[in-house]
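Please read the structure below before turning to the comments.
None of the figures in this text is laboratory data; all of them are computed from the coordinates on show. The structure presented is a predicted model; accordingly, all values stated were derived computationally and were not measured. Cβ placement follows ideal geometry from the backbone for every residue including glycine, while neighbour counts extend to all protein chains displayed.
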Protein chains: 2
Amino acid sequence: MERTPPHPEVDQFSLQQVLEALVDPVRRSIVAQLHARRADMACGAFDLSVSKSTATHHFKVLREAGLIRQHYVGTSRMNTLRDREMEEAFPGLLTAVVRAETPPAPAGA
Amino acid sequence: MERTPPHPEVDQFSLQQVLEALVDPVRRSIVAQLHARRADMACGAFDLSVSKSTATHHFKVLREAGLIRQHYVGTSRMNTLRDREMEEAFPGLLTAVVRAETPPAPAGA
């Protein structure tokens, strides 16, 4: 009884689609939060400044670009960063965007 | 008698503006051609599928984002990739985009 939405395979990833996903600051924030947490996160666990329906749209754009994988656990939609697959398709790209998105830790922290 | 248009300094670079510049395929092509040539190029020297006035707009967006530097030599507007400054601001980003944009050379080439 899986309800897994469609996901592109690595060889279907498009640089254009990935950049269109990453050009939006809310979507970059989702990716950065997933990267920082280093674990799956439910849609409701993100710190986002947009409505739930807008967030749902952003998750869909990220999923269709191949940046995240979504699956259900009970009634929660869980999100996984597809960082290794993205690295395979576009080496260094996701790492560079996350690094640029995330301010460096203060010295001594 | 310089006619150099304004350019942002490195500490004025904005990730949002850089990604908005790089999300356009014509602008990525300009950046990739500059990177491949490893030399300054006049606006007219690029292989682009758009009109001259559209190209001028794209060069302006790239300049304002900090991706290229423009200066005049006689009546030619020359373009320089600001790859080192971009690397300083957003490490790995431009390299990753250029690499993703440029198809790998055929084996044995």
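Each Lys and Arg contributes +1 and each Asp and Glu -1, all at the Cβ; summed about the Cα centre of the protein assembly as shown, the dipole is approximately 240 debye. Rounded to the nearest 20, the size of the Cβ-charge dipole of chain B about its Cα centre is 380 debye, with Lys and Arg at +1 and Asp and Glu at -1. The residue among B:PHE90, B:SER51, B:ILE68 whose Cα reaches farthest toward the positive pole of the charge dipole of segment B:33-109, with charges on the beta-carbon of Lys, Arg, Asp and Glu, is B:SER51.
With label points defined 7 Å past Cα in the direction of Cβ, position B:GLU20 shows copy-to-copy spacings of 1.8 nm, given to one decimal and shortest first.
Across the identical copies, the 7 Å label point of A:ARG38, projected outward along Cα→Cβ, sits 3.8 nm from its counterparts, in ascending order. Can you list the lysines whose alpha carbon sits under 16 Å from that of B:LYS60, skipping same-chain ones fewer than 8 residues off? Of all the lysines, those that pass the test against B:LYS60 - Cα under 16 Å, at least 8 places apart if same chain - are B:LYS52. For A:PRO6, the point set 7 Å out from Cα toward Cβ sits 4.6 nm from its twins in the other copies, listed from shortest up. Here the Kirkwood formula, the inverse mean of 1/r across different C-alpha pairs, assigns segment A:11-98 a hydrodynamic radius of 13.0 Å.
Here the convex hull built on the C-alpha positions of the protein assembly as shown has a volume of 172 cubic angstrom per residue.
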